[in-house]
Amino acid sequence: MVVEINGKSEEIPGSVVLDALNAKHIDPQMVAVELNDTLVERDHLGSTPLKPGDRLEFLFYMGGGR
Amino acid sequence: MEFTDEQITRYSRHILLPEVGGKGQKKIAQARILIVGAGGLGSPAALYLAAAGVGTLGLIDNDVVDLSNLQRQVIHHTSDVGRPKVLSAKEKIQALNPDVTVVQYEDRFMARNALELVRDYSVVIDGVDNFPAKFLINDACYLGGKPLVHGGILRFDGRVFTILPGQSACYRCIFTQPPPPGLVASCQEAGVLGVLAGVIGTIQATEALKLILGIGRPLTDRMLDFDARNMRFREIAVKRNPRCPLCGDHPTVTELIDHEQAICELRSPAATDQGIEPQAGDRAAPHTAGLLEGTT
Ligand SMILES: [Zn+2]
């Protein structure tokens, strides 16, 4: 289905949020995930359903500063 | 306090702004801002806040200037290589604006001193390069009730985020804990385009001044992510998380702890007893190397 990932429309296979992470080869421990502006708990990534048009935000750790 | 004629001239472009005026400039003169880390983000933030006439700038960093810092840490000059960063920064600030009192701490920001430090200031700026310190700053500002302007840079990307403790989302509302060290797979340099430090550090300084002046709308409950390659700013809405381990309904983080440093530290024998910060000047990027893989 087509969902929006970080502002970009993307075709991803599967039906739950975790499928989108897997499709992008992203380890769930390396990212905070928002579905339609609401944070999805890491434990719930595999049980939170996705539907076409959903907006996903993958927020990566950004640690630098010096 | 009254401004001298010289000060009125120096700050005239502020005073001309109806939202600032003489009254706002006095607020700036009475403000105390703590900058944690006198490096990439800390450099531009300190310079602009000094130019703005911030009364007291606290600087904490225990590092010395390294040649590889100069590509982005613009407060330090070539002749400063090998000198303590807080001393180098203090000299530049005082040369730029003698009105500013600089309090320098040649030390690490750690659980033992964090709360005491933030309590002494009105706003805190995060200019550190590693997750344990970023989480510690977040926790200390929440527990100490101080506004925090968070910043981060990596490669061609940057992020700014303002936190009003107890009122807006904190860093842990989104990132519950530091990334597991095992996942930071390699210690290769990820690198950063130096100017990113200027873009993000000056936005942090802008946020700090807005908070001091009480003007505008702070960058709270939204993360501002900057992508230099596409020259794009993007706002990501975030909100307080009732399950946040720090500011949620059932907090589990109730005191400050020094998180273990990532695996890179362990590979460097000299650095293992150095606590939360990398020992060498430029260990910043490796901790996050790989974490942004797949974002593009
Ligand atoms: Zn929180």
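The values are calculated or read from the model by the stated rules, or taken from the named source; none is laboratory data. On a predicted model such as this, the values are computed, not experimentally measured, just so you know. Cβ coordinates were reconstructed from backbone atoms using ideal geometry, including for glycine residues, and neighbour counts include every protein chain displayed.
Which one of these is away from the ligand (no atom under 14 Å from the Cβ) and free of Cβ contacts under 8 Å to residues at least 40 places away in the same chain: B:95, B:133, B:114?
Result: B:95 is the single residue among B:95, B:133, B:114 that is away from the ligand (no atom under 14 Å from the Cβ) and free of Cβ contacts under 8 Å to residues at least 40 places away in the same chain.
If you check every pair at least six apart or on different chains, which have Cβ atoms under 7 Å apart with a residue in the stretch A:39-66 that is away from chain B (no Cβ under 13 Å) first and a residue that is among the hydroxyl-bearing types (Ser, Thr, Tyr) second?
Listed by first residue and then by second, the contacts come to A:49/A:15; A:50/A:15.
Working carefully through the options B:126, B:107, B:157, find the one that is under 13 Å from residue B:45 (Cβ atoms), within 17 Å of the chain's Cα centre (by Cα) and among the acidic types (Asp, Glu).
B:126
Taking only the stretch B:64-87 into account, find how many residues are part of a loop (DSSP other than H, G, I, E, B), surrounded by fewer than 19 Cβ atoms within 10 Å (Cβ to Cβ) and in contact (Cβ under 8 Å) with a residue 60 or more places away in the chain.
2
What residue, of B:45, B:50, is within 30 Å of residue B:257 (Cβ to Cβ) and buried (at least 17 other Cβ atoms within 10 Å of the Cβ)?
Exactly one of B:45, B:50 is within 30 Å of residue B:257 (Cβ to Cβ) and buried (at least 17 other Cβ atoms within 10 Å of the Cβ), namely B:45.
Of a type in the set (Gly, Ala, Ser), away from the ligand (no atom under 16 Å from the Cβ), part of a loop (DSSP other than H, G, I, E, B) and at pLDDT 95 or above: is that true of residue B:198 in this structure?
No.
Does residue B:234 meet the test of being more than 11 Å from the ligand (Cβ to nearest atom), without any contact (Cβ under 8 Å) to a residue 12 or more places away in the chain, in a loop (DSSP other than H, G, I, E, B) and of a type in the set (D, E, K, R)?
no
Please find, within the stretch B:120-131, the residue that is nearest to residue B:32 (Cα to Cα) out of those that are crowded, with 24+ Cβ neighbours inside 10 Å and touching a Gly at 6+ places or on another chain (Cβ under 9 Å). Explain how you work it out, then say what you get.
Pass one, the stretch B:120-131, residues crowded, with 24+ Cβ neighbours inside 10 Å: B:123-131.
With touching a Gly at 6+ places or on another chain (Cβ under 9 Å) added as a condition, the list becomes B:124-131.
Working: B:124: 9, B:125: 11, B:126: 15, B:127: 16, B:128: 19, B:129: 22, B:130: 24, B:131: 25 Å.
Only one residue tops the list, namely B:124.
Checking the structure you have, find out if any residue of the stretch A:3-10 is crowded, with 17+ Cβ neighbours inside 10 Å, within 11 Å of the chain's Cα centre (by Cα), within 12 Å of chain B (Cβ to nearest Cβ) and at positive phi.
yes
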